[in-house]
Amino acid sequence: MKRILLILLAVSLCACGCKTTKNSADKPEAAPVASTSDNDKPAYKLTETKWMLTHINTQEIGDCPESPYMVFTGDRISGNLGCNSFFGTFYANKNGKIDIEYTGSTKKLCSEMQVERDFISALKVDKKSYVITGDLLIIRGEKMMEDGSKREMEVLRFKAEEK
């Protein structure tokens, strides 16, 4: 009886200790970076930069109580939506594909919340890709059009905060 209990305990410990992961192609990697001729500007990486939000759906963002931004660290993402702080996870590969899992945010109520709502909506679009060009990070995603079709388009644009 003790032997059976020990075997069951060992099997359950092994099962609890296992963690499924996405394959190595989906792990966070350096972004596709366009070369720049301006040697004075540093090269920006997805995971080593504070990205300040400038546009949502190609429209310049409006007034916010705080400056919206994102930071990618390891496989985690965090930042500010314009009022509330947010957090989640992400997976990116060398080919420019990115999967952002918005997990949640703080729950402050601010006088202006539209940028925050639009930012969250853009984070949740399907089939995202990204590119870093100079000091800009552009995230594209598949959006539903009014006629019911889907189209890939820019959903978020960020500017790197100066180092």
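Return the Rg/Rh ratio of the stretch 59-109 with Cα-based radii and a Kirkwood Rh.
1.03
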For the stretch 80-97, in residue order, the Karplus 3J(HN,Hα) values (coefficients 6.51, -1.76, 1.60; θ = phi - 60°; whole Hz; Gly and Pro = x) are 10, 8, x, 9, 9, 7, 9, 8, x, 10, 8, 9, 9, 10, 5, 8, x, 7
Filter the cross-link list LYS45/LYS150; LYS45/LYS107; LYS107/LYS150; LYS97/LYS159; LYS94/LYS124 down to pairs whose alpha-carbon distance in this structure exceeds 27 Å.
LYS45/LYS150; LYS45/LYS107; LYS107/LYS150
Enumerate the amide H contacts of ILE77 below 5 Å, restricted to partners 5 or more residues apart or on another chain; note that Pro and chain-start residues carry no placed amide H.
GLY88, THR89, PHE90
Give the whole-number value, in cubic angstrom per residue, of the convex hull volume spanned by the C-alpha atoms of the stretch 26-160.
115
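Since every read-out is calculated from the coordinates, none of them should be taken as a lab result. Keep in mind the model is a prediction, meaning the values are calculated, not measured.
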